[in-house]
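Take a look at the structure set out below.
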Amino acid sequence: MKNKPMPESRQDRLTAPVIKALGLHLLVLLLLFVSFSTAPQFEPAKPIVQATLVQLNSKSPATTQTDQKIAGEAERTAAQRHEAEELQRQQEKQQQEQEAARRAAAEQERQAAAATAAAKAAEDKAAEERRQAEQVERQKAEEAKRKADAAKKLAEEEAAKKAAEEAAKRKAAEEEAKRKEEEARRRAAEEKRKADEAAKKAEADRVARLKREQEEAKAKALADLLASETQYQRAQADQVGDEVAASYDDVIRRYVSEQWRRPPTARNGMVVEVRISMLPSGDITDAVILRSSGDAGFDQSALQAVRNVGRIPEMQQLSRESPATFDRLYRQRTLRFKPEDLAF
């Protein structure tokens, strides 16, 4: 934070007393120096001769000379004393002037020191005021910066929260789109599978119908030729059919047993009846439970094992050799499964 400059008038008020005090102090010192350098030089005192008329009518010449000599000595002594007293007065006066000048200089120095102290105090006060003002400005700046940082942080947090929410929405939308796409693909595949199965079934039904018609035509012709042996032929067909059924039932159980996984709840003595629908190719098209064993786990394990078989190739040979037998016995076949039949 930059310091604010002091107003011009305030600096003038602080500087003027200092300059005046320093100038007065220099002037007093100059006067003292001049007074010492120009002190008066007194010449040696001369004896003051006073003429005194003395009446010497009654005295002798010798006495007169002696008296004059004494008087001269007295006059010289008085003149010397007067000169000494005058010199002492001048010295005392000079000392008084010097003392007064010293006191004036001391007073000037005191006033200058007081002015300097006042100026320093004013400067210190101004500096303290500037420091306090700077501190207040610094605190204001720090508070403003703190508020700005807090506002910036809050804005960043809000922006991050909003971005996270938008990202979550986009992700949810993408997942929903993927789910719908997967569902549509699954439905399309399922519809295609059903269409394929329906087409296969329709084709198989058509072929089976043609074969049945052919077999029926042949059977009718044969019946016409062998009308007399009808009972014999029927007995023979039933016997052959039972033998074929027993053989192919064992094949089906073998295939189912290979795919079966024994559930924990399976117990000996349980029996479940499953109806199997097949094509002449041996493909299993459907499997449903006709009679439950009473245990859902065992029922589902047998049903799933049949579905896992998928196709029994041996049935294709039966459908080729005896389509009528296949249609009569295995177009739809009900089998009874027991845990001991399916045990590995």
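The values are calculated or read from the model by the stated rules, or taken from the named source; none is laboratory data. Remember, predicted model here, so these are calculated numbers, not experimental data. Note that each Cβ is placed from the backbone with ideal geometry, even for glycine, and that neighbours are counted across all protein chains shown.
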Practice problem: List every residue pair whose Cβ atoms sit under 6 Å apart, with the two residues 6 or more apart in sequence or on different chains, where the first one lies in the range 118-135 and is modelled with pLDDT under 90 and the second, anywhere, is part of a helix (DSSP H, G or I). | Solution: 119/14; 119/18; 122/14
Quiz prompt | Whichever residue in the range 275-290 is touching a residue at least 24 places away in the same chain (Cβ under 8 Å) and not in a loop (DSSP other than H, G, I, E, B) and, among such residues, is surrounded by the fewest Cβ atoms within 10 Å (Cβ to Cβ) | solution = 290
Quiz prompt | Where residue 252 falls short, out of the listed (1) over 17 Å from residue 338 (Cα atoms); (2) at pLDDT below 90; (3) of a type in the set (Val, Ile, Thr); (4) buried (at least 20 other Cβ atoms within 10 Å of the Cβ) | solution = (1)
Exercise. Check 71, 84, 119, 78 and return the single one that is among the hydrophobic types (A, V, I, L, M, F, W, C) and surrounded by 14 or more Cβ atoms within 10 Å (Cβ to Cβ).
Key: 119
Quiz item: Within the range 252-308, can you find the residues that are basic (Lys, Arg) and within 22 Å of residue 198 (Cβ to Cβ)?
Solution: 275, 307
Quiz item: Given the structure, is residue 160 surrounded by 10 or more Cβ atoms within 10 Å (Cβ to Cβ) and either within 22 Å of the chain's Cα centre (by Cα) or closer than 30 Å to residue 285 by Cβ (or both)?
Solution: yes
Quiz item: When residues of the range 291-344 are filtered for being closer than 16 Å to residue 251 by Cα, aromatic (Phe, Trp, Tyr) and either surrounded by fewer than 17 Cβ atoms within 10 Å (Cβ to Cβ) or within 59 Å of the chain's Cα centre (by Cα) (or both), how many remain?
Solution: 1
Self-check item: For residue 334: the one exception among (1) in contact (Cβ under 8 Å) with a residue 40 or more places away in the chain; (2) polar (S, T, N, Q); (3) in contact with a helix residue (DSSP H, G or I) (Cβ under 6 Å, 6 or more places away or on another chain)
Solution: (3)
Exercise. Could you please let me know if residue 106 is farther than 30 Å from residue 32 by Cβ and over 17 Å from the mean Cα position of the chain (by Cα)?
Key: no
Quiz item: Are any of the residues in the range 210-226 part of a helix (DSSP H, G or I), more than 28 Å from residue 330 (Cα to Cα), at pLDDT below 90 and polar (S, T, N, Q)?
Solution: no
Exercise. Could you tell me whether any residue of the range 317-328 is at pLDDT below 90, in a loop (DSSP other than H, G, I, E, B) and within 28 Å of residue 200 (Cβ to Cβ)?
Key: yes
